[in-house]
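The values are calculated or read from the model by the stated rules, or taken from the named source; none is laboratory data. Since the model is a prediction, treat every value here as computed from it, not as a measurement. Cβ sites come from the backbone with ideal geometry, for glycine too, and all protein chains shown count toward neighbours.
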Amino acid sequence: MSTTTVIVVIDGFGIGAMPDAGALRPGDLHADTCGHVLDARPLRLPTLGALGLGLVHPHPDLPRETELPVAVGRAALGYPGADTYAGHQTMMGADFRRVTVARLADHIDAVTAALTAAGHEVVPHDGLLIVDGAVLVHDNLEADPGINWNTSGRLTDRPFGDILAIARTVRTVAPVARVIAVGGYADAALTHFVRPGEGGTTGLDTPASGFYRNGGLAVQHLGAELDHSRQLPERAARAGIPVTLIGKAADILACEAAVRRPAVPTADVLAHTVAAVRTGGLIVANVQETDLAGHQQDTDRYGRLLEQIDAGLAELLPLLSRPGDRLIVTGDHGNDPTIGHAFHTREYVPVLIHRPEARGLSRLPDAPSLTTIATIAARALALPSGGSSGGSSGGSSGGSSIAGEADFPSPSANPGPANPSPSGA
């Protein structure tokens, strides 16, 4: 039977600020999502501790040793800012170092012209656009300024298909990494929740609108053009390996052959992940609620979610016991709920790798990019490299079915990703 690789992404789980974290907000140099959540109150995280979290982020509440066969290290993000979409695409092997950062206001004429040509009525409003009297096109205020744009609408006013159609038109002229279509149930008209952001941006305060609280949220992420055939999920699928994308990963990763299990509640994401292990192959699961707790600046909720994730990881570990199986736990950026704002924070993330066939602990050097996750997974799944697989992801050499310390190449050994993202879309 073939091996199974499970990548669990704890969304917004950073372990300390990167050196350039203060470039936009000087206070972010003090960001430490993991440490500050642990400081808030005692947490029971026995599985994360056994996987080596305390070795990459020392803390009095985390053990400094483990008996599990793990390789542990940390990774820099390898892309500008701190963004879930760019983080996941980088993690799957894309080069997002050249993502364009742009305010909607600087491209308002081009967006208006594209929407008007598509038959929509467009009205400017306080630095954003109101389309067809109901849907807002605006800067995303939950990521670093200029990384993403949103099209947001109440599902009581327009079906999600209409909101998505507007987003697709915006995507044709947007230079940013991501245009996000969002439909939900708000507490009032969306214009009541429009506010200025940092860096001259204007947008919808989505958490304040009630979209996250009221249920029924519909989201689709439209990314800049990428060669997804060279990304990890497509490479695995072409090699005949089952691919399952769970939680937010089901929304933002491309792979036509993948089984998709979108979910937001952490219990659902974990249950889907356990069920997918029975099928095997490549499983990528994103636990989104930690990121939402960071946006809400709710440290207590973040801690409770970490405990829930820890229990889910404890259930997963016994299911991944064959030589070559991998459980990889990581993050896509930080989201420190104590830092004083509701933005993502630019932090290193943990890379915790459980390797059943190995002996003892391996401490690994810092990786320069999240593309190292694609390298680790490709080697564990014995994916062919180079032209036979449509190109390596993140510098993976592939070909090795049993991975050891070479899973985590040093910066000098990692040639970098093979499919750069265009600066426009």
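Cβ-Cβ distance below 9 Å, separation of 6 or more or different chains: which pairs start in region 274-286 with a residue that is within 17 Å of Thr330 (Cα to Cα) and end on one that is among the basic types (Lys, Arg) and surrounded by fewer than 23 Cβ atoms within 10 Å (Cβ to Cβ)?
If the second residue must be among the basic types (Lys, Arg) and surrounded by fewer than 23 Cβ atoms within 10 Å (Cβ to Cβ), the pairs left are Ala285/Arg261.
Mind checking which residues of region 167-177 are over 12 Å from Glu225 (Cβ atoms) and among the charged types (D, E, K, R)?
Scanning region 167-177 gives a single hit, Arg168.
Tell me which residues, restricted to region 310-348, are assigned to a loop (DSSP other than H, G, I, E, B) and charged (D, E, K, R).
Arg322, Asp325, Asp332, Asp336, Arg346
Where residues in region 69-103 are modelled with pLDDT under 95 and aliphatic (A, V, I, L, M), which of them is farthest from the chain's Cα centre (by Cα)?
Ala102
Go through the residues of region 362-370 one by one and say whether even a single one is hydroxyl-bearing (Ser, Thr, Tyr), assigned to a loop (DSSP other than H, G, I, E, B), surrounded by fewer than 24 Cβ atoms within 10 Å (Cβ to Cβ) and in contact with a helix residue (DSSP H, G or I) (Cβ under 9 Å, 6 or more places away or on another chain).
Checked region 362-370: no residue is hydroxyl-bearing (Ser, Thr, Tyr), assigned to a loop (DSSP other than H, G, I, E, B), surrounded by fewer than 24 Cβ atoms within 10 Å (Cβ to Cβ) and in contact with a helix residue (DSSP H, G or I) (Cβ under 9 Å, 6 or more places away or on another chain).
Among the residues that make up region 22-37, is at least one of them modelled with pLDDT of 95 or more, in contact with a strand residue (DSSP E or B) (Cβ under 6 Å, 6 or more places away or on another chain) and surrounded by 24 or more Cβ atoms within 10 Å (Cβ to Cβ)?
Yes, region 22-37 contains at least one residue that is modelled with pLDDT of 95 or more, in contact with a strand residue (DSSP E or B) (Cβ under 6 Å, 6 or more places away or on another chain) and surrounded by 24 or more Cβ atoms within 10 Å (Cβ to Cβ).
Which residue pairs have Cβ atoms under 8 Å apart, sit 6 or more places apart or on different chains, and have a first residue in region 177-192 that is within 16 Å of Ile166 (Cα to Cα) and a second that is of a type in the set (Asp, Glu)?
These pairs meet every condition: Arg178/Asp83.
Give me the pairs, please: first residue somewhere in region 295-315 and of a type in the set (Phe, Trp, Tyr), second residue anywhere and modelled with pLDDT of 95 or more and surrounded by 19 or more Cβ atoms within 10 Å (Cβ to Cβ), beta-carbon distance under 8 Å, and either six or more positions apart or on two chains.
Going by the 8 Å Cβ cut-off, the qualifying pairs are Tyr302/Thr33; Tyr302/Val37; Tyr302/Thr290; Tyr302/Ala293; Tyr302/Gly294; Tyr302/Pro337.
Taking into account only those residues within region 351-361 that are out of contact with any Ser or Thr (no Cβ under 8 Å at 6 or more places or on another chain) and surrounded by fewer than 19 Cβ atoms within 10 Å (Cβ to Cβ), which is farthest from Gly324 (Cα to Cα)?
Among those that are out of contact with any Ser or Thr (no Cβ under 8 Å at 6 or more places or on another chain) and surrounded by fewer than 19 Cβ atoms within 10 Å (Cβ to Cβ), it is Gly360.
May I ask you to list the residues in region 114-160 that are in contact (Cβ under 8 Å) with a residue 24 or more places away in the chain, in a helix (DSSP H, G or I) and over 28 Å from the mean Cα position of the chain (by Cα)?
Ala114, Leu115
Asp106: of a type in the set (D, E, K, R), under 20 Å from the mean Cα position of the chain (by Cα), assigned to a helix (DSSP H, G or I) and farther than 26 Å from Arg355 by Cα, yes or no?
no
Which condition does Pro19 not pass, out of (1) at pLDDT 95 or above; (2) over 30 Å from Ala239 (Cβ atoms); (3) buried (at least 21 other Cβ atoms within 10 Å of the Cβ), if it passes all the others?
All conditions pass for Pro19, except number (3).
Considering only region 273-291, state which residues are over 15 Å from Thr4 (Cα atoms) and either assigned to a helix (DSSP H, G or I) or outside the structural domain of Val9 (by TED's automatic domain parsing) (or both).
Those that are over 15 Å from Thr4 (Cα atoms) and either assigned to a helix (DSSP H, G or I) or outside the structural domain of Val9 (by TED's automatic domain parsing) (or both): Glu289, Thr290, Asp291.
If a residue has to be surrounded by fewer than 24 Cβ atoms within 10 Å (Cβ to Cβ) and at pLDDT 95 or above to count, how many in region 331-349 make the cut?
Result for region 331-349: 1.
Does any residue of region 332-352 turn out to be within 22 Å of Ala239 (Cβ to Cβ), touching a residue at least 60 places away in the same chain (Cβ under 8 Å) and assigned by TED's automatic domain parsing to the domain that holds Gly81?
No.
Need the failing condition index for Thr290 against (1) farther than 15 Å from Met91 by Cβ; (2) surrounded by fewer than 20 Cβ atoms within 10 Å (Cβ to Cβ), just the number.
The number of the failed condition is (2).
Take the residues of region 65-103 that are in contact with a Pro (Cβ under 9 Å, 6 or more places away or on another chain) and in a helix (DSSP H, G or I): which is surrounded by the most Cβ atoms within 10 Å (Cβ to Cβ)?
Within region 65-103, the match that is surrounded by the most Cβ atoms within 10 Å (Cβ to Cβ) is Ala86.
If we only count strands (runs of 3 or more DSSP E) wholly inside region 173-263, which ones have 3 or more residues that are surrounded by fewer than 24 Cβ atoms within 10 Å (Cβ to Cβ) and touching a helix residue (DSSP H, G or I) at 6+ places or on another chain (Cβ under 7 Å)?
Qualifying strands (runs of 3 or more DSSP E): 218-223.
Report, by residue number, each residue of region 207-253 that is β-branched (Val, Ile, Thr) and either at pLDDT 95 or above or within 16 Å of Met91 (Cα to Cα) (or both).
Ile241, Val243, Thr244, Ile246, Ile252
Could you list all residues from region 229-273 that are of a type outside the set (A, V, I, L, M), touching a residue at least 24 places away in the same chain (Cβ under 8 Å) and either touching a His at 6+ places or on another chain (Cβ under 7 Å) or within 21 Å of Ala382 (Cβ to Cβ) (or both)?
Ser229, Arg230, Gln231, Pro233, Glu234, Arg235, Arg238, Pro242, Thr244, Asp251, Cys255
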